[in-house]
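Beneath this line is the structure, given in structure tokens, with notes to follow.
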Amino acid sequence: MPTPPRKTRLLRVPMEARGIGAILKVRRWDASGPLWSSGEITPAHLGLFREMGSATDKPLHSFSEEVLPVKQKSDAGVAGSKPSTSGMVAVKGGPFEFRVVGSIIEDTYHHGKNFVKLGVDVQYEWEDVPVKYHKAHNITIKDLWVDKHPVTNEQYAAFLRESSFAPAGKDYENFLKHWRCPKPDCLDASLAKQPVVFVSHWDAEQYCVHYGKRLPREWEWQYVAQAGDPERSYPWGQWWWPDAMPPAQANASAFHLGDVGRFPNGSSKDGVEDLVGLVWQWTADMYSDPYNRAVILRGGSVFQPNAHGAQQKRYQPWYFPGRAAAGEWNAKWTGDYYFGPKDYASLYRNTVHAKYLLMTPSLDRAGTIGFRCVADK
């Protein structure tokens, strides 16, 4: 009587400490034939397996455990000439101590409060490696013209009428998705005064260039919001003021932006409005390494799934701004402190930025991201 087949098999495979492995199970109809005779696996698969297997030739213990951040390069984009300054605010430049901290998921810390400065943020041109907690840096800001409000839908429609603009690579997916079609005549009148969204970084940059302007550098945006005072927490002043911005909206499928200019109480000292709490705003600063590209966003948007309260259990300041609580700044580092419930890193604050990974224009366009332009005086 033949022995019935066993339902289990014991396999012994070499595995290095902290290593990861896998076992592939296939049905082979012809035991004497090649592995791909089953039809479940091809010679191409085997080539991949050999390639992946060769990656284990060097044992794990021979690799250094030292953290070596991938260095980045920055690009400030392009600028136009002979700007039209209609609808812009004059901002006088001057020396500025630029302090900023990046907002990222799950900070690395020891003993609950001593945060590691290295992180998946950006590397400024004066830094050696990417860090999350950027050391204060002195910059001289030139005199600027700054759009009083984020660019509106009607302004972008005028740009489309005046120019022959087409999205890069004619990639129209998600371009002006909130319009009936991506053409000037498809703009509903009810959206005219609302900030334009569903535009990529390129779509925004080309608008600015057409009118002789450019996207702001991040430190220019912050200088305007702080009126040159590095201690100024919000555009309107030092303390939180709910009446300075639109109420947060939690419904991702139905949030409403509203018109620009409805909250003058939230303006900067120079009269620039809607800097925070309406839409995220593209900046000129793009950072890249051999694997990724990213742009800095500033300002936060009206969409906040957990409302403004920082005590919400699912409050996530790395994705959504939330309300910032009071705290103390260190004079030279904007991040050497204990977050507690992480409310201190609110993206509504002038000294916190968001890093936005870029993929393709169609995926970069979002209903929460708009922009404003600046021009040199």
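The values are calculated or read from the model by the stated rules, or taken from the named source; none is laboratory data. Predicted model, so just to flag it, every value in this text is computed and none were measured. Ideal geometry is used to build each Cβ from the backbone, glycine not excepted, and the neighbour counts take in all protein chains shown.
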Result of the Cβ filter at 8 Å on the range 186-199, keeping first residues that are free of Cβ contacts under 8 Å to residues at least 24 places away in the same chain and partners that are among the aliphatic types (A, V, I, L, M) and in a loop (DSSP other than H, G, I, E, B), at least 6 apart or interchain, is C186/L176
Search the range 49-73 for residues that are over 26 Å from V129 (Cβ atoms) and pair each with any residue that is surrounded by 10 or more Cβ atoms within 10 Å (Cβ to Cβ) and of a type in the set (F, W, Y) when their beta-carbon atoms are under 7 Å apart and the residues are at least 6 apart or on different chains. none
Among the residues of the range 47-59, is any over 17 Å from M15 (Cα atoms) and surrounded by 10 or more Cβ atoms within 10 Å (Cβ to Cβ)? yes
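With respect to R217, is the statement that it is in contact with a helix residue (DSSP H, G or I) (Cβ under 8 Å, 6 or more places away or on another chain), of a type in the set (D, E, K, R) and either in the same structural domain as F96 (by TED's automatic domain parsing) or over 22 Å from L363 (Cα atoms) (or both) true?
Considered against the rule, which asks whether it is in contact with a helix residue (DSSP H, G or I) (Cβ under 8 Å, 6 or more places away or on another chain), of a type in the set (D, E, K, R) and either in the same structural domain as F96 (by TED's automatic domain parsing) or over 22 Å from L363 (Cα atoms) (or both), R217 comes out as no.
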Going by what's in this entry, would V272 be described as crowded, with 21+ Cβ neighbours inside 10 Å, farther than 23 Å from W202 by Cα and at pLDDT 95 or above? yes
Filtered residue count, the range 198-214, keeping only those that are in contact with a helix residue (DSSP H, G or I) (Cβ under 9 Å, 6 or more places away or on another chain) and assigned to a loop (DSSP other than H, G, I, E, B): 4
Examine the range 150-162 for a residue that is surrounded by fewer than 20 Cβ atoms within 10 Å (Cβ to Cβ), out of contact with any helix residue (DSSP H, G or I) (no Cβ under 7 Å at 6 or more places or on another chain) and outside any helix (DSSP H, G or I), and state whether such a residue exists. no
Of the residues that sit in the range 163-210 and are closer than 19 Å to V260 by Cα and of a type in the set (F, W, Y), which one is surrounded by the most Cβ atoms within 10 Å (Cβ to Cβ)? Y207
Being at pLDDT below 80 and over 19 Å from the mean Cα position of the chain (by Cα), is that true of even one residue in the range 90-109? yes
Any residue in the range 250-265 that is surrounded by fewer than 23 Cβ atoms within 10 Å (Cβ to Cβ), aromatic (F, W, Y) and either in contact with a Phe, Trp or Tyr (Cβ under 8 Å, 6 or more places away or on another chain) or in contact (Cβ under 8 Å) with a residue 60 or more places away in the chain (or both)? yes
Within the range 258-299, count every residue that is touching an Asp or Glu at 6+ places or on another chain (Cβ under 8 Å), in a strand (DSSP E or B) and of a type in the set (A, V, I, L, M). 4
Any residue at all in the range 221-237 that's surrounded by fewer than 18 Cβ atoms within 10 Å (Cβ to Cβ), touching a residue at least 24 places away in the same chain (Cβ under 8 Å) and over 26 Å from E97 (Cα atoms)? no
Looking for something of a type in the set (G, A, S), within 20 Å of the chain's Cα centre (by Cα) and under 25 Å from S362 (Cβ atoms) - is there at least one such residue anywhere in the range 166-179? no
